[in-house]
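The values are calculated or read from the model by the stated rules, or taken from the named source; none is laboratory data. Small disclaimer: the values here were computed from a predicted structure and weren't measured. Every residue, glycine among them, receives a Cβ derived from its backbone with ideal geometry; neighbour counts consider all protein chains shown.
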Amino acid sequence: MTVAYSTSTDQDIEYPSSDGEPVAESFVHLYALLVTLEVLRQYLEGQQATVLANQFMYYSQGMPKLRVAPDVMVIFDVEPGGRDNYKIWEEGQVPSVIFEMTSEGTQDHDKTFKKTLYEQLGVREYWLFDPRGEWVEGQLEGYRLEHGLYRPITDGRSAPLNLQLKVEGQLIGFYREDSGEKLLIPQELNQALKREALARQQAEQQAERERQRAEEERQRAEEERQRADQAEARLAELQARLKDQGIDLE
């Protein structure tokens, strides 16, 4: 299948952005979708790329019925930011990576129609994630485009994203290939920010205690100096009085 490009105008053609259907089959699938979207969005921030979720992708100009709504798709070399829908002929790029949060009820459509469509459109990688473990062995199954055909991914890595993928319960864990660092999901990021804020607060409190101790030491030293000065002054005064009386202590 190839992308159809028409010379006719799209002015009178409507390309809907919604069909009124639920975003996901269940909360588990919705959560996996939203977490994947946010993790990859943050990871690609600052790059010439966008990450879209459950939005219509139109692949044949002038034919609005030819559309599909990938759960999560990553597109490189396009303007960052969201879209109401995605038209391949306008953007000039097909997605590089697509994730589908699959289930037993959608497996046929995901494994046949969508797989064939993405393969023929030239999507470099197609990942099926089964958060409930209903039909995908190991929950995660990937395909990489090689010479125009999808081949199973056996190394657990996404080449376009430079990330390693791991199943972590009902979510996909993403890890940087260069450092092994995990891309934090929103909940983990929130916890990390709280730990960072607590550590900063504790450091500030420790610094304040150190400042107070230093100030107390300074004050004690100043008081000792003043007492020494006063004692020296009294001694000098006593020596002067004795000297006036003809007594020289030296």
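Observations
- Cβ-Cβ contacts under 6 Å between residues 6 or more apart (or on different chains), taken from a first residue in segment 119-131 that is assigned to a helix (DSSP H, G or I) to a second residue that is of a type in the set (A, V, I, L, M, F, W, C) and surrounded by fewer than 22 Cβ atoms within 10 Å (Cβ to Cβ), are listed as GLN120/MET1; LEU121/VAL94.
- Enumeration of residues in segment 69-100 that are surrounded by fewer than 16 Cβ atoms within 10 Å (Cβ to Cβ) and either in contact (Cβ under 8 Å) with a residue 24 or more places away in the chain or closer than 21 Å to LEU33 by Cβ (or both): ASP77, GLU79, PRO80, GLY81, GLY82, ASP84, TRP89
- Matching option when the condition is surrounded by fewer than 19 Cβ atoms within 10 Å (Cβ to Cβ), out of contact with any strand residue (DSSP E or B) (no Cβ under 9 Å at 6 or more places or on another chain) and either in the same structural domain as ALA159 (by TED's automatic domain parsing) or over 30 Å from ASP10 (Cα atoms) (or both), among PHE113, PHE27: PHE27
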